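Novice: To start, I am sharing the structure in question, which I have written as structure tokens.
Read-outs: derived from the displayed coordinates by stated rules, not from any lab. Only a predicted model underlies this, so the values are computations on that prediction, with no experimental measurement involved. No Cβ is skipped: glycine too gets one built from the backbone with ideal geometry, and neighbour counts run over all protein chains shown.
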Amino acid sequence: MGFDWQSPFDTGQSLSVPNRNIGRTRATVDRIMFAVYRNSLKILSAGFIGIVFLILLIFWSDGAFTPFPSLLASESTFDHVAEPEFQRRLETWYPPGSSDESALIAALARHGFETDPGRRVALYRISAIVCVDEAKVSWGTDEAGRLTGVQGWFDSVCF
């Protein structure tokens with residue numbers, strides 16, 4: 001008891017045309033599809049690499065184009081060669097006994113340093129692609145809150 005379905009558009013005439021090249025046509029379509037797939041992978045790979053490059057550039061330029069504060073202005077990089085000049089500036093600008101701790105903290109904050117008065121430490125960070133360069137300042141005070149000494153140094157932390 002079978003059921004034969006017949007299209008209402010079926011006129012009884014065959015619309016199929018014999019194709020002797022069906023095997024070659026299929027192979028050509030496969031080659032074209034493979035080429036499209038291969039080129040799509042190249043385009044996606046190039047796009048992915050471009051996006052990664054832009055992200056790295058953004059992270060690198062986060063600190064690279066930020067001007068140094070005047071306390072660090074002449075230093076082009078954070079390395080130990082510049083450390084004596086940094087220390088000299090700190091000692092010249094904030095000599096022992098010349099100012100109180102609150103003036104030093106306010107000045108370092110104006111220069112962009114993050115200060116921790118409880119630990120008597122200040123930190124200035126510049127982010128790069130893989131490393132974070134830091135200028136650090138520590139100080140001591142007497143009972144009256146006047147500076148007894150200021151020390152500055154550079155450090156680099158890489159991931």
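Novice: Got a sec to turn the phi values of region 143-151 into Karplus ³J(HN,Hα) couplings, 6.51 cos²θ - 1.76 cosθ + 1.60 with θ = phi - 60°, whole Hz, x for Gly and Pro?
Specialist: Residue by residue, region 143-151 yields 5, 7, x, 8, 5, 9, x, 9, 10 Hz.
Novice: Counting other beta carbons within 10 Å of each residue's own, what order do Glu143, Glu114 fall into, fewest first?
Specialist: Ordered by Cβ neighbours within 10 Å, fewest first: Glu143, Glu114.
Novice: Principal axis lengths of region 83-158 from Cα atoms, whole Å, largest first?
Specialist: Ordered largest first, region 83-158 gives principal extents of 43, 24, 18 Å.
Novice: Round to the nearest 0.05 the FRET efficiency obtained for Arg146 and Leu54 when R0 = 35 Å and r is the Cβ-Cβ distance.
Specialist: Step by step, r from the Cβ atoms, then E = 0.10.
Novice: What residues have an amide H closer than 5 Å to that of Thr141, excluding those fewer than 5 places away on the same chain, when H is modeled at 1.01 Å from N in the peptide plane?
Specialist: Thr148
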